Amino acid sequence: MKSILPLVFVDRLKTHYQDEECHLQWDRKKPWTLLFAVILSAQCTDKRVNIVTQTLFQRFPDLESYVAKPIEELEKTIHSTGFFRNKARSLHQSAHKLLLKHNGQLPDTMEELTALSGVGRKTANVVLWNVWGKNIGFVVDTHVGRISQRVGLTQHKDPIKIEKDLMKKLPQDQWGKLSHQLVQFGRDTCRAPKPKCKDCFFKDVCPSAQI
């Protein structure tokens, strides 16, 4: 399967999703709130996370509260996001490390972020772009992975290998914006399991459109 021309891919995404941004709600005065929201978003919708974090960030307004309060209270607060025990543990441990190792400040490097509990490259890339404006890597979630395979930008299924392919083929200064555009395109049109190819603005160049 031949790859579509990356410039065509980028230009059409920009045309249709020019103002697309992260849908997770967070406090720019407290950048760690985005990190925690992304941790909660694993296997959960942004809509549900935004509902939960409205309560979470009121009950746990600072990093100290995640360490001081009983973890059972944290589990109860985030229960509806799924995998709540693992997520509560990640929030608790990340808060502790941010306070102990970083003086309560959110790191701005891939290495420091991925050293936090529950933080992989995807989460770190979301934070690096939206908080620090850094295009260090490419966010690869289920939407991005699926679309990248369908349009021929990668033949891999492993997120790390997909990310490497996208970093080679797409312009670095647009990685952050493109990741948000791809996610929304996946929600609107290039869906799983049934993409809306007839309505797609890539159908004339996408190698999967006629399959």
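The values are calculated or read from the model by the stated rules, or taken from the named source; none is laboratory data. If you're wondering where the values come from, they're calculated on a predicted model, not measured in any experiment. Reconstructed Cβ throughout: ideal geometry from the backbone, glycine too, with neighbour counts over all protein chains shown.
Across the stretch 169-195, which residue is farthest from P207 (Cα to Cα) among those that are in contact (Cβ under 8 Å) with a residue 60 or more places away in the chain and among the polar types (S, T, N, Q)?
Q174
So L113 clears everything in (1) in a loop (DSSP other than H, G, I, E, B); (2) closer than 20 Å to K30 by Cβ except one condition, right? Which one?
It fails just one condition, (1).
Any idea how many residues of the stretch 106-149 are surrounded by fewer than 23 Cβ atoms within 10 Å (Cβ to Cβ), under 20 Å from D165 (Cβ atoms) and over 15 Å from the mean Cα position of the chain (by Cα)?
Total satisfying the criteria: 1.
Among residues belonging to the stretch 171-211 that are among the aliphatic types (A, V, I, L, M) and modelled with pLDDT of 95 or more, point out the one that is surrounded by the fewest Cβ atoms within 10 Å (Cβ to Cβ).
In the first step, residues of the stretch 171-211 are kept if they are among the aliphatic types (A, V, I, L, M); the result is 178, 182-183, 192, 205, 209, 211.
After this cut, where a residue has to be modelled with pLDDT of 95 or more as well, the list is 178, 182-183.
Working: L178: 24, L182: 28, V183: 21.
Ranking the qualifying residues of the stretch 171-211, first place goes to V183.
Any residue that is among the basic types (K, R), assigned to a helix (DSSP H, G or I), under 19 Å from the mean Cα position of the chain (by Cα) and outside the structural domain of V183 (by TED's automatic domain parsing) - is there at least one of those in the stretch 65-77? Walk me through it before giving the result.
First pass over the stretch 65-77, keeping only residues among the basic types (K, R): 69, 76.
With the extra rule that they be assigned to a helix (DSSP H, G or I), the set shrinks to 76.
Right, trim to under 19 Å from the mean Cα position of the chain (by Cα) and you get none.
For the stretch 65-77, residues among the basic types (K, R), assigned to a helix (DSSP H, G or I), under 19 Å from the mean Cα position of the chain (by Cα) and outside the structural domain of V183 (by TED's automatic domain parsing): absent.
Among (1) at pLDDT 95 or above; (2) surrounded by fewer than 22 Cβ atoms within 10 Å (Cβ to Cβ), where does A88 come up short?
Result: A88 fails condition (2) only.
Does T33 qualify as being surrounded by 14 or more Cβ atoms within 10 Å (Cβ to Cβ) and not in a loop (DSSP other than H, G, I, E, B)? Even if it seems obvious, please write down each step before you answer.
Working: surrounded by 14 or more Cβ atoms within 10 Å (Cβ to Cβ): yes; not in a loop (DSSP other than H, G, I, E, B): yes.
Taking the combined requirement at face value, the residue satisfies it.
Checking the conditions here, which among R85, R89 is closer than 15 Å to I39 by Cα, touching a residue at least 24 places away in the same chain (Cβ under 8 Å) and assigned by TED's automatic domain parsing to the domain that holds S41? Can you show your working first?
Values: R85 fails: touching a residue at least 24 places away in the same chain (Cβ under 8 Å).
Result: R89 is the single residue among R85, R89 that is closer than 15 Å to I39 by Cα, touching a residue at least 24 places away in the same chain (Cβ under 8 Å) and assigned by TED's automatic domain parsing to the domain that holds S41.
Under 7 Å between Cβ atoms, which residue pairs at least 6 apart in sequence (or on different chains) link something in the stretch 35-57 that is among the polar types (S, T, N, Q) with a partner that is in a loop (DSSP other than H, G, I, E, B)?
Here the result reads S41/L24; Q43/G82; Q43/F83; N50/L24; N50/Q25; T53/Q25, each pair linking the stretch 35-57 to a residue that is in a loop (DSSP other than H, G, I, E, B).
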